[in-house]
Every structure is written in structure tokens, then in C-alpha cells.
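As C-alpha cells, the structure follows; a few thoughts come after it.
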Amino acid sequence: MGLRYLLGRLAVMIPVFIVVVTVVFFMIRFAPGGPFDSEKQVPPDILKNLNAKYHLDEPLVQQYLRYWGDLSRFDLGPSFKYANRTVNEIIAESLPVSAELGLISLVWALLIGVTAGGLAALKPNSMFDYIPMSFSILGICLPTFVIGPLFVLVFAVWAGWLPVGGWNTWQDRILPSLTLGFAYAAYISRLTRGGLMEIRSQDFIRTARAKGLSEGRVIVKHALRGGLLPVVSYLGPAMAGIISGALVTEQIFNIPGLGRFFIQSAVNRDYTVVMGTSLLYFSLIFVANFLVDIVYVFLDPRVRYE
Amino acid sequence: MSSEVMTINTTTIAPPIQEDDSAGVSLWKDAYHRLLKNKLATFGGLFILFEVFICIITPWIAPYGFDTQNLELTLAKPSAAHWLGTDTLGRDLFTRLLYGGRISMMVGFLASMVSVIVGVVYGAISGFIGGKLDNFMMRVVDVLFALPFVFLVIILMVFFGRNIFLLFVALGFTQWLTMARIVRGQVISLKEKEFVEAARSLGISNWGIIYRHLIPNTLGPVIVYLTLTVPSVILDEAFLSFLGLGVQAPMASWGTLISNGVEVMEIAPWALLFPAITLSVTLFSLNFLGDGLRDALDPKGAKD
């Protein structure tokens, strides 16, 4: 039954993807100002050659089909602005950087969030509850592009403990990933606290206590699995948020990741790079949400999506 | 039976002096009192009112022009002449902050309006007509929920130029989905009520019922969600402007000012701090106000 639910989700995503690709394709073709218009006047025969090279002289239907053909081979085409570079090369170069940043941030978010939330739930209405929960309000309300520069100002410029930017040594990883993970740590700590508080009053927890288990074991072995469900279902949106938050973080810390390329090509109106990268982002977010659905089915024995 | 006794008891025991929390007080008045009791929300509301007022009178109180440059006085420290210092082109930061606030606020309110109109109309139609159409319309909403809207807005800005009115509409269109769901839920539960039946028996058309009877009754949740939409739109606009894809120079929103501040923060930290603080306090205030309104209008859902 869980399987049928998941297949249903997949069945919805495929038409969405087709629509997205179609929209993307026609936006490239009909965008005001063709790819070569912004340059100085190109001689007509060179323009003809360029058009031939990029297949812009073919009928539209043929171009559209060619686009699908290229996509199915994961070929996102050439960059219109950087000569001799393809979108694939750009992605291959920068995606690993972004993926690393995103993963470290997610680890931070889970580690800090679940620990803080767990402590708060164990000792509600104490210091362990109030302090992290006040921090979490900050994390939820303050946007990444405020937290990031403030972190840099305090820890890098004034204190001088960590580098201002770049992406070479392990020290370079700390501030960007904390910046990106902070908001999600805040959210996850609230969800963890809420989830644990609710589940602690349930019968099976009383049974576990009655068996004589220590409080710690009750929490870790019995309460966490159910109490973390809200966290798991939040992971999908969190991953989507981290992916778009990375746009800002990479900008602030000067990290050569996919987000920075995306923004650069958006500012330069490098259509093919923008579209290729967007398609990649869309697919990543779809996949993230789908993975979360799968994990959810496994974690909660009661949820068997009818 | 016991409940009957109880009602008799309360009505007899508590005679006319019913001021606060009972029958004679309208929902709105009651909510207003509850809101005033919530200090954070009251503070947030007052601060926002103050800010809106300042934004309206900005052209008369701003000490300089928002693009007046003074190249002999770049990145100046805060002083009597320039309260918050100046930027790399010698423009007064206090003035820029005021004008930036106008743009941020305008984007916030106008885009939220777009989202309310689209969301309410969509949700009301879907909920009122019901059946297959409702099913289809809500499926569309589910699908759209899965799309990362930030990227769509960026794509729109890339292809159609960085036009501020496009920005309003695009940001508004990213926020209507939840609104549509809320309104639909409300309409579904309302449309079976007697007053709708009565309206129908008087021969009022479907549109009339939706417009005159259903939509006004969904206002509570809509207003609550609206106050939470405004900060998220302001945030989205600042996000785009920070990335250089929003408001264009020489105009500036708070996002632009923060992004300019980041470039110079090692020499002129105030250029970063003041816009960052302003934006943060505004977002805090709007969020507190929204939470307070939710608690005030829907006392049952107050606890999380």
C-alpha cells in the first residue's frame, strides 16, 4: 500500500517535469533579446554560422524534440556566454562543492536541532528549554543573508578566528555551513521538542517505563522514532530550503559552487546555463521530497498511506 | 440533560454585567482585546504602524535625496550630518534606509494583495463548486506546492528584465497556494450552513453567495495568513535584491542595502548593521503580530 502511494506521487511528478521542461524550452526561445543580441552587431554570416551551430535555424518542433533528446542523454547544451564551455562542465565542476556545503549544513541542522530539542523536551521549562528555544526564534526569523554577514563580521572580521571566505581548508567550511544550517537547526529543534513532548504522554512510553527502562533508553529507543516523524517530514522542505539558501551563502562566502554560477548566469542572462541549472535544481528538490516520503513510510508503522 | 442545567445556571448566575468574554461581544472586539493582552503582538503592531507612517512621509523628512552623491564623503562614520553614515558613493544611509523601506513595504503589501486576491478567488470557487472541479483544482495546488518558486521568480526576472511591477506580481503568485487551501476549507464548511440556504432560497446567484456571504465569513483566517504572508514576501524580495536580481540601482530596498553593506563590512560595519537590524526588527514585528492575531482570532488553535 505504501508502494502504491509512492508510485502515485511519482506519477504526478512526471507530468509536472514534462510541463516544466516545455515551459523552460519555450522561454529560452521567446525571451526578449536572443542569445546573441546583447553583443555588438554580429556580421550576418557569422550569425548564420552561430545559429547553425546552436541549431537555432531549425523549425521549432525539431528544436523542441532535439532538446528532449539532449536531455535524455543528460546533455544540457553549450553556454551562450562562456565560449567553449558546456553547461554540463560547469555543473560537474561546481555541483560537488555545493553538495558538500549542503550536506555539512544538513548534518549541523540535524545534530544541533535534535540535541537541543531533545534536551528541551527532557527538561521542559528549565534553562535547557528556554535558552535553545529563544535562539531558535532568532534562527527562524532572521534570514540567511543577515545571519551570514553577521557571523562573518563577528567571528572572522572582529574575532579573527575563522576565514572570511573561500573554499580550500576545513576552516573554510565552518562558517558557511553553520550559516546555512542555522535556520533549519532552529526549526528542527522546535519540531523535535514538540514531537517528543507529545509522544512522551502516550501509552507505549508508559509501558516502556513500567518495564523498568531508564529514562534515557526510553527516549532513545522508543520516543525518538515516533517523536522525530515531524522532523522527517520537514526534511523535504528543509532540503529545498538549503538548496536555495546556498545561493546566498555561496555569494556571501565567495564559494565556487553551483549557486554562484546560477546567480552569475542569471545576472548575465546566460539562458542555457540558467535553464539547465534550474532543471537540475527542480529535479533535486523533487528527488529530495520523494526520498522523504519513502523514509516516512518506513519510520511510522501506523502510516501506510491508503 | 446536565448541559441544559448548566446553561440555565450560568445565565442566571451571571446577569447583565457581561463585558468581556461572552455573548454580547462581537468576534472582532473580542479578538481586539485578546490581541492587546499579548504584549509582543501589540508592540509588533505598533512598530509596523509607525514604520508605515514613516514610509509614507519619507519624501518630506528624508534629509537628502536617495541618489544624492557626495564623493568627498564616502563610507563616512555615523555623525550628526549623516546619522547612519554614508555608502561607497557618499550617499546618506539614513535616507537610503527610509527609501528602501518604502520599496520593501510596498512590495510586501502589494504582493500580498495579489496573493490574497488570487488565493481567495481560487479557493472560494474550488470549495463552493466542489466535486470534480474541486478535486482537479486542489490537485493543481498540490503540484504547484512541489515547485521551488524562488527559482521560478529568478527565471522570470532573467527573461523579462528586472521590472519592479513584475516583481510584485511574481512574488504574489508564489504565495497564494496556502491561502487557497485555507479559504477552500472554510467555504466547504460554510456552504452547508443555514444562511447560505436562506440566501439561495431568496434567489441569489452563486457569485452573489460567494461574494456577499462566503468570502466575508472567511476573513478571519485570511487576515491572519495575510499578516504572515507580508513578512515572507518582504523576505523574498530582500533575498532577490541581495542577489542582485530584484530592485535595480539607483533605487534600493533593504535587501540591496544589506548586500552593499556586506561588500564594505570590513571597513564600514555600520553600512551592514543598520539595514540588517531594521529588516530583522520588521520581520520580527510582523511575525509576532501574525502569531498574536492568530491566537486572538482563533483561541482554540492558540497552543502549539
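The values are calculated or read from the model by the stated rules, or taken from the named source; none is laboratory data. These numbers were taken from a predicted model, which means no experiment stands behind them. Note: ideal-geometry Cβ built from the backbone for every residue, glycine included; neighbour counts use all protein chains shown.
Taken over the stretch A:128-162, residues that are crowded, with 20+ Cβ neighbours inside 10 Å and not in a helix (DSSP H, G or I) amount to 2. Within the stretch B:245-258, is even one residue under 26 Å from residue A:136 (Cβ atoms), facing chain A (nearest Cβ under 7 Å) and outside any helix (DSSP H, G or I)? No, that holds for no residue.
Being assigned to a helix (DSSP H, G or I), away from chain B (no Cβ under 14 Å) and either within 25 Å of residue B:262 (Cβ to Cβ) or in contact (Cβ under 8 Å) with a residue 12 or more places away in the chain (or both): is that true of residue A:100 here? Yes.
Please determine whether any residue of the stretch A:124-134 is at pLDDT below 90, within 14 Å of chain B (Cβ to nearest Cβ) and more than 24 Å from residue A:233 (Cβ to Cβ). There is at least one residue in the stretch A:124-134 that is at pLDDT below 90, within 14 Å of chain B (Cβ to nearest Cβ) and more than 24 Å from residue A:233 (Cβ to Cβ). Tell me, please, whether a residue that is crowded, with 18+ Cβ neighbours inside 10 Å and not in a loop (DSSP other than H, G, I, E, B) can be found in the stretch B:74-85. Within the stretch B:74-85 (the criterion being crowded, with 18+ Cβ neighbours inside 10 Å and not in a loop (DSSP other than H, G, I, E, B)), the answer is no, since none of the residues qualifies.
When the stretch B:227-246 is filtered for residues that are modelled with pLDDT under 85 and crowded, with 24+ Cβ neighbours inside 10 Å, only B:246 remains. When the stretch B:261-273 is filtered for residues that are more than 7 Å from chain A (Cβ to nearest Cβ), surrounded by fewer than 22 Cβ atoms within 10 Å (Cβ to Cβ) and touching a helix residue (DSSP H, G or I) at 6+ places or on another chain (Cβ under 7 Å), only B:264 remains. For residue A:212, the criteria (1) buried (at least 19 other Cβ atoms within 10 Å of the Cβ); (2) more than 9 Å from chain B (Cβ to nearest Cβ) hold in every case but one, which is (1). In the stretch B:184-202, the residues that are farther than 16 Å from residue B:127 by Cα reach residues that are part of a helix (DSSP H, G or I) with C-beta atoms within less than 8 angstrom, at least six apart or across chains, in these pairs: B:195/B:213; B:199/B:208; B:199/B:209; B:199/B:212; B:199/B:213; B:200/B:209.
Checked against (1) more than 17 Å from residue A:115 (Cβ to Cβ); (2) of a type in the set (A, V, I, L, M, F, W, C); (3) under 19 Å from the mean Cα position of the chain (by Cα), residue A:185 meets all criteria but (1). Remark: pairs (first residue in the stretch A:119-138, of a type in the set (S, T, N, Q); second residue assigned to a helix (DSSP H, G or I); Cβ separation under 8 Å; 6+ apart in sequence or on different chains) = A:136/A:116; A:136/A:185; A:136/A:186; A:136/A:187; A:136/A:189; A:136/A:190. Considering the conditions (1) within 18 Å of residue A:118 (Cα to Cα); (2) within 19 Å of the chain's Cα centre (by Cα); (3) not in a helix (DSSP H, G or I); (4) not charged (D, E, K, R), residue A:234 is excluded by exactly one of them, (3). The helices (runs of 4 or more DSSP H) found wholly in the stretch B:120-238 and carrying at least 1 residues that are away from chain A (no Cβ under 14 Å) and on the phi > 0 side of the Ramachandran plot occupy B:131-145.
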